[in-house]
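The numbers here are math on the coordinates, done by the rules we state, and not lab data. This is a predicted model, so every value here is computed, not measured. Note: ideal-geometry Cβ built from the backbone for every residue, glycine included; neighbour counts use all protein chains shown.
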Ligand code: AP5
């Protein structure tokens, strides 16, 4: 692989799988959506798939809910199964971006094997680095309107009426795992299980890093610059 061109097409129509890494609140979801739009490839979030299963009350959702609300990792079998199925879908054949997977060594080894078996190129990891105090504010301050979906942050974007959506007056909701004590637990789990993967991808020459402390647009621009090798 040419240095500095981590998302170079592996042929005219396909892209190397890209893993968005970083602690909770780093902006993995925000940035994977922006990259996915720009490159026309799907972004896959294990967290979003699990939250959707909880919302729909499926057996998977019911089995995962308490683990997620405690800020712990759902079992490897469950998330590896989700990734195996989702990445086999036709829209992933040109490439895909994964947000929030792998989160520990067994998941990383599973993904390597899956890509190898399917004859796909090795995935590249993009680590988004953000200061701890910024992460706490982003997560503990996050609120969402259940009616129109508008996202707010009570620390960074003061509301006209505390607790209510500026657009439609609905009561804002907080993700159960964004409560401060759960955020703390998520960060501890990240340090213990996920952060060591950064060194793994670095030692394999498959890591790129970006400063994620700036504005969402600024971080997106920095990522595109890395992906374009400039
Ligand atoms: P998951 O949904 O993956 O959550 P997370 O990574 O812990 O945290 P977030 O999704 O909140 O953070 P993010 O980095 O995506 O940032 P975002 O763009 O949202 O996982 C949830 C749970 O599911 C896990 O705890 C676990 O239980 C389970 N799970 C998921 N995957 C698993 C796996 N592989 N194995 C086992 N269990 C798994 O941004 C956060 C906030 O900050 C937003 O409000 C956003 O608007 C804002 N923001 C983003 N960027 C910026 C910026 N640059 N400036 C200001 N604000 C910003």
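Contact order, relative form, for the chain: 31 percent (alpha carbon pairs under 8 Å, 6 or more residues apart, mean separation divided by residue count).
Put simply, when 87-95, 153-161, 24-32 are sorted by average Cβ atoms within 10 angstrom per residue, most first, you get 24-32, 87-95, 153-161.
Only helices enter the 222 nm calculation for the chain: every DSSP H run of n ≥ 4 contributes -39,500 (n - 2.57), and dividing by all residues gives -12500 deg cm²/dmol, rounded to 500. Which residues does the label zone of residue 58 cover in the range 76-103, counting backbone N under 13 Å from a point 7 Å along Cα→Cβ? What the label zone holds, given the 13 Å backbone N cut-off, is 78-87. Computed from the C-beta positions of residue 134 and residue 94, the FRET efficiency with R₀ = 30 Å rounds to 0.35.
For the range 126-226, give me the percentage of DSSP beta bridges that are antiparallel, rounded to the nearest 5 percent. Roughly 55 percent of the beta bridges in the range 126-226 run antiparallel, per DSSP. Using a simple spin-label model with pseudo-atoms 7 Å out from Cα toward Cβ, residue 37 and residue 198 lie 2.8 nm apart. Within the range 187-230, what residues put their amide N at less than 15 Å from the label point 7 Å along the Cα-to-Cβ vector of residue 76? So the set is 193-197. Looking at the chain alone, DSSP beta bridges between its own residues are antiparallel in about 30 percent of cases. Length gained on full extension, residue 147 to residue 215: 21.9 nm, using 0.36 nm per residue less the C-alpha separation. Seen against the Cα atoms of the chain and their longest principal axis, helix 105-117 is set at about 50 degrees. Taking 19 Å as the cut-off, the amide N atoms of the range 150-187 that come nearer than this to a point 7 Å along the Cα-to-beta-carbon line of residue 69 belong to 172-187.
In terms of the mean number of neighbouring beta-carbon atoms within 10 Å, the peptides 67-75, 195-203 order highest first as 67-75, 195-203.
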